[in-house]
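Heads up: the structure comes next, in structure tokens.
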Amino acid sequence: MRKFTLIPLLILLTIVCNLAASAQQHLDTLLPVRGFCIVAPKKSGVDAFANFITKELAPRGVNTLILRVDYNYEFQSHPELRDTIALSKADVKKLVAACRQGKIRVIPQINLLGHQSWAGRIDNLLRVYPQFDETPHVKMPEKYVWPNADGLYCKSYCPLHPDLHKIVFDLVDEVCDVFEADAFHAGMDEVFYLGDDSCKRCSGRDKAELYAGEVRKISDHLRQNKRELWIWGDRLIDGKTTGIGMWEGSFNNTHRAIDLIPKDVFICDWHYERPDKTPVLFAAKGLRVATCPWRTPANAVAQLNDMISFRKGSTPEMKQYFQGMIQTVWSGAEQFMDEFYGKVKNEAAGTKTQPACFRALFDAIQAVK
């Protein structure tokens with residue numbers, strides 16, 4: 001009797017598994033990349049964030065997690081560059097295990113080239129190795145304001161300093177190894193200081209060539225270990241011609257680097273105020289691209305619809321370059337989770353919040369037939 005009841009159960013289980021596999025295949029065909037980008041949690045928040053990966057990201061079909069690590073890791077190669085309180089190898093492995101269980105690709109990020117400072121604070125690399133500063137003559141203000149006479153947004157390192165890359169690549173290799181990653185995100189957004197007239201190495205050089213040279217150098221290094229490079233795309237967009245402006249596009253001619261960088265670099269194309277259709281620009285150059293919203297649900301859904309339309313309306317040759325969507329978060333992981341679970345309310349933001357955008361985007365992804 002037991003045999004006769006077992007067979008229908010096995011058939012039912014097979015049907016359920018096939019349906020789940022079919023749904024997953026549909027999502028992968030619809031959007032190969034369904035990403036979430038956030039700062040890595042603090043040491044005290046590792047368990048909560050690992051649970052968030054399991055309970056919230058994986059069930060929504062997120063398959064790519066970009067974790068902005070920077071110096072929040074107990075680097076063995078350069079302990080002088082660690083944050084005061086940093087993630088241990090055991091902490092990282094908890095996050096890796098949660099991602100593996102949820103079939104999520106994890107990509108660590110360290111900001112390279114630009115974003116070597118923020119407001120009045122110099123970040124670890126230039127604080128410990130000030131000789132790498134592209135603009136040492138620009139002093140950090142006691143009280144930061146924008147705009148300012150120095151044009152200071154964030155400091156950059158000098159990409160031509162002969163001692164720089166040995167240290168930087170030690171960090172890159174170590175963070176990729178501990179996260180068991182086959183890709184690395186180098187940031188490289190909002191680079192305003194590059195080829196400065198006062199730099200004895202960079203002065204007078206073409207800024208597009210300098211930018212492309214740094215992208216190529218990082219990409220070539222990663223390729224040695226069969227890893228790929230991901231970057232933000234804003235410096236590759238002509239901010240003047242497009243009208244996009246100096247934040248989401250370039251005003252210092254780095255946009256011409258789009259024709260000089262390796263074609264296997266993955267572009268994260270962020271636009272937060274309008275759903276600009278610049279993925280077409282990158283795809284037409286043979287670069288894979290994903291669109292990255294932030295906090296406006298309507299924009300995220302519009303960008304999703306555009307991405308789906310681009311994929312459906314393209315030739316097979318072009319379709320492969322339109323890769324998907326990545327939700328970006330610019331608060332700490334702990335703060336985001338508090339807002340997501342309603343422990344903290346951002347009344348001033350109204351409906352324009354990061355959790356609201358995340359929910360709207362992935363609800364819309366799941367609803368597409």
Take S198 and decide whether it is open to solvent by 50 Å² or more (accessible area, probe 1.4 Å) and either among the acidic types (D, E) or over 19 Å from the mean Cα position of the chain (by Cα) (or both).
yes
Does region 23-56 hold any residues that are under 16 Å from A367 (Cα atoms), in a helix (DSSP H, G or I) and open to solvent by less than 70 Å² (accessible area, probe 1.4 Å), and which are they?
A23, L27, D28, L30
Out of region 330-356, which residues are surrounded by fewer than 18 Cβ atoms within 10 Å (Cβ to Cβ), touching a residue at least 24 places away in the same chain (Cβ under 8 Å) and polar (S, T, N, Q)?
S331, T351
Look at Q366 and say whether it is in a helix (DSSP H, G or I) and open to solvent by 60 Å² or more (accessible area, probe 1.4 Å).
yes
Would you check which residues across region 273-297 are of a type in the set (G, A, S) and either open to solvent by less than 10 Å² (accessible area, probe 1.4 Å) or out of contact with any Lys or Arg (no Cβ under 8 Å at 6 or more places or on another chain) (or both) and list them?
A283, A284, A290
Across (1) polar (S, T, N, Q); (2) within 23 Å of N124 (Cβ to Cβ); (3) surrounded by 13 or more Cβ atoms within 10 Å (Cβ to Cβ), T84 clears everything bar (3)
Mind listing whichever residues of region 295-329 are without any contact (Cβ under 8 Å) to a residue 60 or more places away in the chain and not in a helix (DSSP H, G or I)?
S314, T315, Q320, Y321, F322
Considering each of E134, E142, E180 in turn, give the residue that is among the acidic types (D, E), open to solvent by 70 Å² or more (accessible area, probe 1.4 Å) and on the phi < 0 side of the Ramachandran plot.
E142
Within region 330-350, how many residues are within 23 Å of V69 (Cα to Cα) and either of a type in the set (K, R) or assigned to a helix (DSSP H, G or I) (or both)?
8
Residue selected from region 91-111 under the condition of a type in the set (K, R) and closer than 18 Å to G45 by Cβ, by the criterion least open to solvent (accessible area, probe 1.4 Å):
K93
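The values are calculated or read from the model by the stated rules, or taken from the named source; none is laboratory data. All values reported here derive from a predicted model rather than from experimental measurement. As a convention, Cβ positions derive from the backbone with ideal geometry for all residues, glycine included, and neighbour counts pool all protein chains shown. Protein only, heavy atoms only, side chains kept; ligands, DNA and RNA dropped before computing areas. Shrake-Rupley method; radii C 1.70, N 1.55, O 1.52, S 1.80 Å.
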